[in-house]
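> Below is the structure I would like to discuss, written out as structure tokens.
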Amino acid sequence: MMEWLTQEILAKYNYWIAVIIILIGFYAMIAKDNLIKKLIGLSLFQTGIFLYFISLGDVGVGWGLRSGTTYIIEAIPEGYIYINPLPTALILTAIVVSVSTLAVSLGLVIRIYEEYETIEESEIIEKERVL
Amino acid sequence: MIVPLDLLMLFVIVVIAIATISAKDLFSAVILFGAYSFLMAVVWAEMHSIDVSFTEAAVGAGVSTAFLIAAVSRTARWEKG
């Protein structure tokens, strides 16, 4: 039982914190009324996923419990450690994509504000109903 | 990675994320989000992903904070309800 707890819960704390961050962002996307708050929640969600991927690629130097990677080059000299480069390359692309989506959606929010003079979702729905 | 540093910074990150989504002032929410992104960049540098850390510090903490401040200054600053 104790060994299971160590191996499955404590050793993978990065994954648990990634899940917590994802759920915080998801809550903000669903429950918040303000459109900019929703976009901040979307960014938090994306960052949680990035944290999960980078944790997958990291070598477990600390407790030796997070290692899941094989070495890229077979003939690495003794004592050298390399992280898995694939998650790093993927996340590098995903960060750029995330700032692009944020920019486009903020432009749409500004346009919505010009049209409805509010960025609260419930008030926008109310004004839509009147029209 | 260094486990105590990792744990401490991830805990601070979770606290800042909760503060970000519960702030009523959107300007302070945006600044807290910039602090969140910067701490995330430090976490990635400490996880040996230096290139991701550079990109996050430039793009996440810099450009998206500027975009969000621009959007808040053109719309309403205070969240209702």
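> For segment B:13-22, check the following and say yes or no: at least one residue is farther than 26 Å from A:Lys12 by Cβ and free of Cβ contacts under 8 Å to residues at least 12 places away in the same chain.
Quick first cut of segment B:13-22, residues farther than 26 Å from A:Lys12 by Cβ only: B:22.
Next, from what is left, pick out any that are free of Cβ contacts under 8 Å to residues at least 12 places away in the same chain: B:22.
Yes, there is a match, as at least one residue in segment B:13-22 is farther than 26 Å from A:Lys12 by Cβ and free of Cβ contacts under 8 Å to residues at least 12 places away in the same chain.
> Same structure, new question: Among the candidates B:Leu26, B:Leu39, single out the residue that is under 30 Å from A:Leu108 (Cα atoms), touching a residue at least 24 places away in the same chain (Cβ under 8 Å) and within 7 Å of another protein chain (Cβ to nearest Cβ).
Only one candidate passes the filter, namely B:Leu26.
> Still on this structure, I have one more. What residue, among those in segment A:1-48 that are within 23 Å of B:Val3 (Cα to Cα), of a type in the set (D, E, K, R) and part of a helix (DSSP H, G or I), is modelled with the highest pLDDT?
Looking at the filtered set, the residue picked out is A:Glu3.
> Also, I was wondering about something else. For segment A:8-46, which positions are surrounded by fewer than 22 Cβ atoms within 10 Å (Cβ to Cβ), out of contact with any Phe, Trp or Tyr (no Cβ under 9 Å at 6 or more places or on another chain) and within 19 Å of B:Val72 (Cβ to Cβ)?
Once the filter is applied, which keeps residues that are surrounded by fewer than 22 Cβ atoms within 10 Å (Cβ to Cβ), out of contact with any Phe, Trp or Tyr (no Cβ under 9 Å at 6 or more places or on another chain) and within 19 Å of B:Val72 (Cβ to Cβ), segment A:8-46 yields A:Lys32, A:Asp33, A:Lys38, A:Leu42.
> Does B:Ala29 fit the bill of being within 13 Å of the chain's Cα centre (by Cα) and among the hydrophobic types (A, V, I, L, M, F, W, C)?
yes
> What is the residue count in segment A:28-42 for residues that are at the interface with another protein chain (Cβ under 7 Å from one of its Cβ atoms) and either closer than 17 Å to B:Gly60 by Cβ or not charged (D, E, K, R) (or both)?
Residues flagged as at the interface with another protein chain (Cβ under 7 Å from one of its Cβ atoms) and either closer than 17 Å to B:Gly60 by Cβ or not charged (D, E, K, R) (or both) within segment A:28-42 amount to 5.
> Could you give me the residue pairs with C-beta distances under 6 Å whose first residue belongs to segment B:67-78 and is more than 7 Å from chain A (Cβ to nearest Cβ), whose second residue is aromatic (Phe, Trp, Tyr) wherever it lies, and which are 6+ apart or on separate chains?
These pairs meet every condition: B:Arg77/B:Phe27.
> Residues being more than 9 Å from chain B (Cβ to nearest Cβ), hydroxyl-bearing (Ser, Thr, Tyr) and within 20 Å of B:Val43 (Cβ to Cβ): count how many of those fall in segment A:1-27.
1
The values are calculated or read from the model by the stated rules, or taken from the named source; none is laboratory data. In this text, all values refer to a predicted model and were calculated from it rather than measured experimentally. Note: ideal-geometry Cβ built from the backbone for every residue, glycine included; neighbour counts use all protein chains shown.
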